[in-house]
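Report on the structure given below.
The values are calculated or read from the model by the stated rules, or taken from the named source; none is laboratory data. Because the structure is predicted, anything quoted here is derived from the model rather than measured. Cβ sites come from the backbone with ideal geometry, for glycine too, and all protein chains shown count toward neighbours. For the accessible areas, the whole protein counts, side chains as well, though only heavy atoms, and no ligand, DNA or RNA atoms are used. Shrake-Rupley method; radii C 1.70, N 1.55, O 1.52, S 1.80 Å.
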Amino acid sequence: MVFTRFPLRLVLALSLLCTAALGTPGKSLAACLPGMGSLSGSVAAGGDPLKDATVYAFNAQRSVGYMVYVVGGRYRATNLFPGDYEVTLRGVGLESTPVAVKVAAGATARADFTARRRPAPKQYAGGMAYPDAPIEPYDTIYPPGPGRDVLERTCMTCHTVQFFPFNAIRIYPGGRTPKDAEGWAITVDRMMHGSQWSLPGKPSYFDPALVTSAERAALVAYLAKHFPADAPPRLVEKPPYEVPRDERALAKAMFVEYRMLNTSEDQNRHAQQIDFDRDGNVWVTDRGLPGLVKVDPRTGERQDFPGHGGGHGLAVDLDGTVWYSGDVVRRFDPRSDLHDAYQVAGDKAPGSNTQIWDSNGNLWLSLLTTSALGMWDRKTDTVLRWEVPTPRSRPYGIVVDHKDRVWMGGYHDSGVEMFDPATGKFRHYPLTKDSPTNIRRPGADSKNMIWAATWGSPGMMKGALYRLNPETGDVMERRLGIPFTNPYCAEADEYDNIWVSTDNHLAMYDQKADGFTFYPLPTRSDIPKVTIARGGAIWFGPRNAGNFGGYGASASVLYPDMDRIETLGAYFHPQSTENRLSLFKGAAAPKVTGVYKVSPGEFQSGPPAPKAAAPVISGRTKRDDDVRRLE
């Protein structure tokens, strides 16, 4: 393939071996994997230091991109698929000409850049793309006062800092319906007093006891004055801060993106969650297709399964079938292109948000909108449910620890819930002193410490990582230090480093050093969840890059040390709490036949006690795009 869209400034195909010294003086690269090549080069910018420059190499034929950081005026990337690449220097306030490069197996190609400086445009806060709009400081858009105080400690625990000033209809959470004073009053009252997601008998979104009648009036007046229906969309400016830069770590790091590009103007592909099968393939929920995508990272081959998926989560079974959000849960067989839909009698609410295995081969389900915990029982092929007793817990992400206890992130209750299947009892653990605070996806390390991050917090300025010791109840807090950030999940790698996904960054917390290392992403985005593979590979989907940025869906991976790559296949590490199914030695689930399976509707009141009878089978399922979506 020949690139013709830009001037050809440099094309070098060097016969350097992949083991040649590149990038860092005295540093010898590990050998490339068989059949792969490397890329390196220098970057000059008028003698000024390059604080945020990266190099992105994109292979259009395979739709695979590689991003590495520029450190000390040099960069390097390894284990690239052979082929033609467009190599681009990126950075705020930098301009340069793209370079066409051919990468050959067993060799190192080279591309050098001389960057031109230009005035850096204003930057806005957050991890999603917006169209052109005025960018103003936080205090200009949100003038201080009693109304802002109430807004920050209630509404901003769930809504991003850009939600209120971007006064335009857009997919939640990127925009909203314009409102006048009456509309704001109705909205505030619905959040304080209306049942969650309009489900009868459920509590309101936040506790009305947190807001006095005078504070409620101040909040409504503040929203009506500063965010009226006819206000033009505005954006909050990114505060003047710099994320600490560990150049030693960045020099070793490399992102790889297996991109599923938009193919039409109305297509908006975006990835939500990633899981691995036993063969090293990566499975992705593509909420813009909507459907499931299978990626073989060793070859770059992808396969779309439209009409199956579109929700939040997924979990791959021993036999290669894929369980995913929808109904209560759905199970897809890629060999037959059929899915079974599991429902509970009398339940019309949206399905499970997250799915995860225990060591007994059972699948645990977070039922966000009904504030319930579910379990698909492998022996009886039925779904069981428990009501979570903590008001406004609304379990979002879940994790099964090394004792098979189930932990749930409290969507609106500032903590985590633990369910012990052996006793059938729940326990609530508060994490933060702020209430309410939004906890999305918890994780567990090898010592069974529970980790979680605050997605929302007062003023969106206190994004933090929390560690809970379940035996003592002690909680440790570590602030990320990024204003207006929205950390989403916390997962442990095989070295017990904790990886936090947040706006525009992956952050690694080193427990031994008690400090963070930050890895800026290849593009503006948030990350709903990371899934960690053997060897420290951090897989994720840059959701809002596709949802709002036109980037398309992507199965992305960060290799913190590109010289330690032993395989491009994705396999869980032995300590992974997402690998509990590997301990199960029992039978596979029944064959997928494309039917609805309806389980009894009553809630459990103790340890799992499924009935022996199989679920009622009712009708044939269809390929279905209509999965109700919750961000």
For this session: Tell me, yes or no, whether the stretch 45-58 has at least one residue that is within 30 Å of VAL236 (Cβ to Cβ), open to solvent by less than 20 Å² (accessible area, probe 1.4 Å), modelled with pLDDT under 90 and aliphatic (A, V, I, L, M).
Result: yes
For this session: Select, from ALA214, ALA221, the only residue that is more than 27 Å from the chain's Cα centre (by Cα) and without any contact (Cβ under 8 Å) to a residue 24 or more places away in the chain.
Result: ALA214
For this session: Run ALA181 past the list (1) surrounded by fewer than 16 Cβ atoms within 10 Å (Cβ to Cβ); (2) in contact with a helix residue (DSSP H, G or I) (Cβ under 6 Å, 6 or more places away or on another chain); (3) under 30 Å from LYS122 (Cβ atoms) and report the number of the one that doesn't hold.
Result: (3)
Exercise. Can you spot a residue in the stretch 223-233 that is of a type in the set (Phe, Trp, Tyr), open to solvent by less than 60 Å² (accessible area, probe 1.4 Å) and more than 19 Å from ASP526 (Cα to Cα)?
Worked result: yes
Exercise. Can you tell me which residue in the stretch 333-350 is most open to solvent (accessible area, probe 1.4 Å), limited to those that are within 15 Å of LEU292 (Cβ to Cβ) and in a loop (DSSP other than H, G, I, E, B)?
Worked result: ARG335
Problem set entry | Scan of the stretch 77-126 for residues that are more than 27 Å from the chain's Cα centre (by Cα) and under 30 Å from THR485 (Cβ atoms), ordered by number | GLY93, LEU94, GLU95, SER96, ALA115, ARG117, ARG118, PRO119, ALA120, PRO121
Problem set entry | Selection within the stretch 304-317 - surrounded by 19 or more Cβ atoms within 10 Å (Cβ to Cβ) and assigned to a strand (DSSP E or B) | PHE305, LEU314, ALA315, VAL316
Problem set entry | Which listed residue is on the phi > 0 side of the Ramachandran plot and either crowded, with 16+ Cβ neighbours inside 10 Å or in contact with a Gly (Cβ under 6 Å, 6 or more places away or on another chain) (or both), from GLY174, GLY145, GLY126 | GLY126
For this session: Determine which single condition VAL530 fails, assuming it passes every other condition in (1) touching a Pro at 6+ places or on another chain (Cβ under 9 Å); (2) among the β-branched types (Val, Ile, Thr); (3) under 16 Å from CYS489 (Cα atoms).
Result: (1)
Problem set entry | Among residues of the stretch 440-475, those that are at pLDDT below 90 and buried (at least 23 other Cβ atoms within 10 Å of the Cβ), counted | 6
Exercise. Which of the residues spanning the stretch 70-96 are open to solvent by 40 Å² or more (accessible area, probe 1.4 Å), at negative phi, in a loop (DSSP other than H, G, I, E, B) and at pLDDT below 95?
Worked result: VAL92
Exercise. So which residues in the stretch 357-397 are part of a strand (DSSP E or B), open to solvent by 10 Å² or more (accessible area, probe 1.4 Å) and of a type in the set (A, V, I, L, M)?
Worked result: LEU384
For this session: Among residues belonging to the stretch 311-326 that are small (Gly, Ala, Ser) and within 30 Å of PHE81 (Cα to Cα), point out the one that is farthest from the chain's Cα centre (by Cα).
Result: GLY320
Problem set entry | Among the candidates TYR205, TYR241, residue that is open to solvent by 20 Å² or more (accessible area, probe 1.4 Å) and under 28 Å from PRO350 (Cβ atoms) | TYR205
Problem set entry | Residues being hydroxyl-bearing (Ser, Thr, Tyr), open to solvent by 10 Å² or more (accessible area, probe 1.4 Å) and closer than 17 Å to PRO487 by Cβ - total across the stretch 398-438 | 2
Exercise. Looking at the stretch 498-522, which of its residues are touching a Ser or Thr at 6+ places or on another chain (Cβ under 9 Å) and part of a loop (DSSP other than H, G, I, E, B)?
Worked result: ASP503, ASN504, LEU521, PRO522
Exercise. Is it true that ALA60 is of a type in the set (A, V, I, L, M, F, W, C) and within 31 Å of the chain's Cα centre (by Cα)?
Worked result: yes
For this session: Spot the failing condition for ASP266; the list is (1) under 30 Å from GLU301 (Cβ atoms); (2) open to solvent by less than 30 Å² (accessible area, probe 1.4 Å), and only one is missed.
Result: (2)
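Yes/no per residue for (1) closer than 18 Å to ARG620 by Cα; (2) in a loop (DSSP other than H, G, I, E, B); (3) open to solvent by 10 Å² or more (accessible area, probe 1.4 Å):
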site: THR299; (1), (2), (3): no, yes, yes
site: ARG302; (1), (2), (3): no, no, yes
site: ASP319; (1), (2), (3): no, yes, yes
site: ARG331; (1), (2), (3): yes, no, no
site: SER352; (1), (2), (3): no, yes, no
For this session: Please work out if VAL161 is touching a strand residue (DSSP E or B) at 6+ places or on another chain (Cβ under 7 Å), in a strand (DSSP E or B) and either more than 27 Å from TRP455 (Cα to Cα) or among the aliphatic types (A, V, I, L, M) (or both).
Result: no
Exercise. Within the bounds of the stretch 566-573, is there any residue that is buried (at least 23 other Cβ atoms within 10 Å of the Cβ), modelled with pLDDT of 95 or more and touching a strand residue (DSSP E or B) at 6+ places or on another chain (Cβ under 8 Å)?
Worked result: yes
Exercise. Quick one: would you say PRO244 is closer than 30 Å to GLY535 by Cβ and not basic (Lys, Arg)?
Worked result: yes
Problem set entry | Any hit, the stretch 137-156, residues being outside any loop (DSSP other than H, G, I, E, B), over 30 Å from THR390 (Cα atoms) and in contact with a strand residue (DSSP E or B) (Cβ under 8 Å, 6 or more places away or on another chain) | yes
Exercise. Any chance the stretch 203-222 includes a residue that's among the hydroxyl-bearing types (Ser, Thr, Tyr) and under 30 Å from LYS122 (Cα atoms)?
Worked result: yes
For this session: Can you work out which of the residues in the stretch 494-552 that are on the phi > 0 side of the Ramachandran plot and not small (Gly, Ala, Ser) is most open to solvent (accessible area, probe 1.4 Å)?
Result: ASP514
